[in-house]
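Below is one structure, written out as structure tokens, with a few remarks after it.
The values are calculated or read from the model by the stated rules, or taken from the named source; none is laboratory data. Since the structure is predicted, the reported quantities are computational estimates derived from the model, not experimental observations. Cβ placement follows ideal geometry from the backbone for every residue including glycine, while neighbour counts extend to all protein chains displayed.
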Amino acid sequence: MARTDVAHRPLALIAALVGLLLFAVGGRYGYHRDELYFIAAGHHPAFGYVDQPPLIPLLARAMESLGGGSLLIFRLPSAIAAAVTVGLTGLIAHQLGASRRGQVLAATCMAVGSITYAVGHLMSTSTYDLLVWTLLSYLLVRAVRDDGRIWLAVGLVVGVGLEVKVLVAFLLAGIAVGVLVAGPRQLLRSAWMWAGVATAVALWAPNLIWEAANGWPQIELGRAIANGSSATSEPRWAFLPFQLLLVSPLLFPVWMVGWWQLARSPQLRQWRFFAVAHVALAAIFIITGGKPYYLAGMYPVLLAAGAEPTLRWVARGRNAARRVTLGVALAGSMAAAAYLFLPLVPAHDIPGTPILAVNSDAGETIGWPRFADTVAGVVSDNSRGGVRPIVLTGNYGEAGAMLRYRPDAAGVFSVHNSFWTWGPPPDTSTVVAIGFSKAELTRWFADVQPAATIDNGLGVDNDEQGEQVWVCTAQRQPWATLWPTMQRLG
């Protein structure tokens, strides 16, 4: 299939604008609870963690040290990753035969998509997982057509991606189903393809060995998420409707026609496995209780396939009206995505908006310094003779906030995910606890008294707002007995 020239300058410009926008807003609000956790985890370097491979915690620690606590510096790699994802979407369109205008449209659709803004202004595993899926899609398009050494690049990206988030393994499973159903099955006879597999396995091996040695904790975590233990879990029925929001409801026709093109177009036959993989992955995630955004990495290739047919639609009939329609869809998508997913609205104005109803993560970036000061105040009030209570938290965000903002206050421990593996606490007569109900705490302590209430001062209804800080004494059993029963996953 003949390909036009790459629209290098327009694609670079669109990607750069996205990166600059994300960088410009990166310092607003504050750290997300996950970012606070990543920084803490980075101070416990390992080949794996209960809930993730090692790369993002190591990156978080490095950027926190490099930036001296600057959120702009801390989140700079995420802005770059999102920008590269946008540019790659245009390059995939080029590989699929799109014109220069088609490449620009594909990149623009990704540039105004909700998922790009949602993950691009935070440091998260999803930020880099989206980049990995997009880069892998680009390389697969080329490898399937050309074969040869490029399979080693595919293996390299897969191996690194598996050290970011194991979700890329599901993509490979979906691709495998797609190849078996729709071809091209001759890929299975390519020595270069198997060399790529070997490269990926070699790079993944350290984390894989760690998982095996620690009882495969991510499998247990997956079960917990499927049962709704994560704050971003959704019921299974919401999975498909949620797909309309990952890019934009207004741009749904673009990626849907892209899926149809991959499924039916003779010119794209050799890449039909992407269409099958999209369906297979949706089924897998619904059955296993996966989160709706797990499928986000499929949309760059679908947008790339749908861009050129969209331009052909615009050129037919009353093309002036259709151009306006497309322009409104792009502008409307960008406006909605920026408003809902970027920290543009002043924090004190958020309670009067629909932002938290759509994007609960926004609330989780607000109020952590004040939270830490409140807990530290309770620690100070209950210190006796130079002996301070320890702080025990119910989730990793609370523990991460104490370590980031008030490391001077007390020893910090948590029962959540990998924090639990860094315990148990030392023996002490007093514990300041946050993130637990009184009923939970009275199973472990004979005396549990309220000491303070968390208030971010802005009326933002996040997971910590209104939480009670407890002072606990008269521990019923030693930590060696209690700690194995206290772990929370999610």
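Tell me, yes or no, whether region 84-93 has at least one residue that is crowded, with 24+ Cβ neighbours inside 10 Å, under 23 Å from Gln186 (Cα atoms), touching a helix residue (DSSP H, G or I) at 6+ places or on another chain (Cβ under 6 Å) and at pLDDT 95 or above.
yes
Applying the selection to region 398-412, what residues are of a type in the set (A, V, I, L, M) and within 26 Å of the chain's Cα centre (by Cα)?
Those that are of a type in the set (A, V, I, L, M) and within 26 Å of the chain's Cα centre (by Cα): Ala399, Ala401, Met402, Leu403, Val412.
Of the conditions (1) free of Cβ contacts under 8 Å to residues at least 24 places away in the same chain; (2) in contact with a helix residue (DSSP H, G or I) (Cβ under 7 Å, 6 or more places away or on another chain); (3) in a helix (DSSP H, G or I), Ala62 fails just one. Which one is it?
So the condition that Ala62 fails would be (2).
Does Val254 satisfy being closer than 19 Å to Ala93 by Cα, of a type in the set (Val, Ile, Thr) and at pLDDT 95 or above?
Judged against the criteria, Val254 is a match.
Tell me, yes or no, whether region 384-397 has at least one residue that is within 26 Å of the chain's Cα centre (by Cα) and among the polar types (S, T, N, Q).
yes
Only one of these is under 25 Å from His32 (Cβ atoms), touching an Asp or Glu at 6+ places or on another chain (Cβ under 6 Å) and not assigned by TED's automatic domain parsing to the domain that holds Trp216: Phe413, Phe371. Name it.
Phe371
Considering only residues that are surrounded by fewer than 22 Cβ atoms within 10 Å (Cβ to Cβ), touching a His at 6+ places or on another chain (Cβ under 9 Å) and not hydrophobic (A, V, I, L, M, F, W, C), which ones fall in region 18-45?
Within region 18-45, Arg28 is the sole residue that qualifies.
Of the numbered conditions (1) more than 22 Å from Ala40 (Cβ to Cβ); (2) aliphatic (A, V, I, L, M); (3) out of contact with any strand residue (DSSP E or B) (no Cβ under 8 Å at 6 or more places or on another chain); (4) in contact (Cβ under 8 Å) with a residue 60 or more places away in the chain, Val471 fails exactly one; give the number of that condition.
With (1) more than 22 Å from Ala40 (Cβ to Cβ); (2) aliphatic (A, V, I, L, M); (3) out of contact with any strand residue (DSSP E or B) (no Cβ under 8 Å at 6 or more places or on another chain); (4) in contact (Cβ under 8 Å) with a residue 60 or more places away in the chain applied to Val471, the lone miss is (3).
Out of all the residues in region 21-59, which are assigned to a helix (DSSP H, G or I), under 16 Å from the mean Cα position of the chain (by Cα) and more than 21 Å from Ala401 (Cβ to Cβ)?
Leu22, Leu55
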